[in-house]
Amino acid sequence: MNKGFLLVVSGPSGVGKGTVLHDLMNTQHNLVYSVSATTRGKREGEIDGISYFFIDHDKFEKMIENDEFLEYARVHNNYYGTPKEFVERKINEGKIVILEIDVQGAMNIKKSTDDGVFVFIAPPSLAELRNRIEKRGTETLEDINIRMNNAIGELKCINEYDYLVVNDHLNSAINSVNEIINAEKHRVFRSDYVYKEEDDD
Ligand code: 5GP
């Protein structure tokens with residue numbers, strides 16, 4: 001069994017990370033998605049335990065105290081965190097664990113592990129990003145402005161990542177992330193391949 005690894009995917013809110021990853025989950029075997037915990041309110045269509053674990057501030061702070069997060073961050077005035085136990089168990093089972101997390105969280109993971117693959121998904125332009133968030137129709141104008149400001153901050157961190165995928169056309173972004181995963185699966189240091197020398201007789 002090859003070693004599993006963390007696939008850390010960041011990119012501004014509204015860039016389409018969720019759509020890209022959802023498609024990959026259906027096509028690549030061995031991928032599992034780490035469901036984060038958050039204190040943000042549930043959006044229409046989101047399901048507790050699938051989209052996020054929706055919890056309140058008190059519970060989140062208890063989980064911090066109990067060291068239950070691999071990383072956590074405050075994003076757009078809410079807490080978001082990656083439950084540790086699930087991720088560690090799946091990596092040990094040889095799975096590729098997807099963390100769809102913000103730049104602060106990704107940088108924390110980068111400091112604490114040398115076995116993560118870091119992918120940044122960027123919009124073709126800021127105007128197109130605003131357009132996509134507005135079309136989603138789930139945020140107030142104030143929230144949209146916060147998210148656009150955060151997007152600029154996140155785009156400044158691209159250089160910290162291993163791979164950049166511009167989500168201009170959905171299918172080509174999906175293909176690019178697919179290729180990254182396939183290449184990373186074949187890294188020699190992840191392989192448990194051993195060859196046997198032929199018997200001399
Ligand atoms: P949204 O509210 O749009 O679902 O997510 C807002 C931001 O929080 C996104 O950039 C998303 O990637 C990030 N995020 C989601 N889960 C986590 C997490 O567990 N940790 C961190 N650090 N960021 C997260």
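Do the sum for the chain: with -39,500 (n - 2.57) for every DSSP H run of n ≥ 4, divided by all residues, what is the mean residue ellipticity at 222 nm, to the nearest 500 deg cm²/dmol? Spell out each step's value before the answer.
Working: 7 runs with 81 residues, N = 201.
The helix-only estimate for the chain comes to -12500 deg cm²/dmol at 222 nm.
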(message) How much length would be gained if the chain were fully extended between Asp115 and Asp192, taking 0.36 nm per residue of separation minus their Cα-Cα distance, in nm to one decimal?
(response) 26.2 nm
(message) Quick check: from the Cα gyration tensor, does the stretch 98-179 come out rounded (a/c under 1.5), prolate or oblate?
(response) oblate
(request) Provide, for the chain, the number of lysine pairs with alpha carbons under 17 Å apart, each pair being eight or more places apart or on different chains. (result) 13
(request) For the chain, give the share of DSSP beta bridges that are antiparallel, in percent and rounded to the nearest 5; count only bridges with both residues there. (result) 30
(request) May I ask for the longest run of the chain untouched by chymotrypsin sites (Phe, Trp or Tyr not before Pro) that are loop-located per DSSP and have at most 14 neighbouring C-beta atoms (other than their own) within 10 Å? (result) 1-192
(request) Sort Ile96, Ile50, Ile158 so that the residue with the fewest other Cβ atoms within 10 Å of its own Cβ comes first and the one with the most comes last. (result) Ile50, Ile158, Ile96
(message) I need the trypsin sites (Lys or Arg not before Pro) found in the stretch 153-201, filtered to DSSP loop residues with at most 16 other beta carbons within 10 Å of theirs.
(response) Lys156, Arg187, Lys196
(message) Among Asn145, Asn26, Asn108, which one shows the highest mean-square fluctuation when the chain is modelled as a Gaussian network with alpha-carbon springs under 10 Å?
(response) Asn26
(message) When a/c reaches 1.5 or more, the comparison of a/b and b/c decides; with that in mind, is the stretch 23-67 rounded, prolate or oblate per its Cα gyration tensor?
(response) oblate
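What is the percent of Cα-Cα separations in the stretch 28-152 that go past 26 Å? It would help to have the intermediate numbers written out before the result.
Working: 2047 of 7750 pairs.
Taking all Cα-Cα pairs of the stretch 28-152, the fraction more than 26 Å apart is 26 percent.
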(request) Using a/c under 1.5 as the rounded threshold, could you call the stretch 111-156 rounded, prolate or oblate? The axes a ≥ b ≥ c are square roots of the C-alpha gyration tensor eigenvalues, and prolate needs a/b larger than b/c, oblate otherwise. (result) prolate
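For the stretch 19-77, which GluC sites (Glu not before Pro) pass both filters: DSSP loop (anything but H, G, I, E, B) and at most 15 other C-beta atoms within 10 Å?
Numbers: sites: Glu44, Glu46, Glu61, Glu65, Glu68, Glu71; in loops: Glu44, Glu46, Glu68.
Answer in residue order: Glu44, Glu46.
Within 10 Å of each residue's Cβ, count the other Cβ atoms and sort Ile146, Ile133 from fewest upward. Could the numbers behind the result be given before it?
Details: Ile146 16, Ile133 20.
Ranking Ile146, Ile133 by Cβ neighbours within 10 Å, fewest first, gives Ile146, Ile133.
Taken together, the values in this text are just the output of simple stated rules run on the coordinates, not laboratory data. Everything quoted here is computed from the prediction, not taken from an experiment. Glycine also receives a Cβ, built like all others from the backbone with ideal geometry; neighbour counts cover every protein chain displayed.
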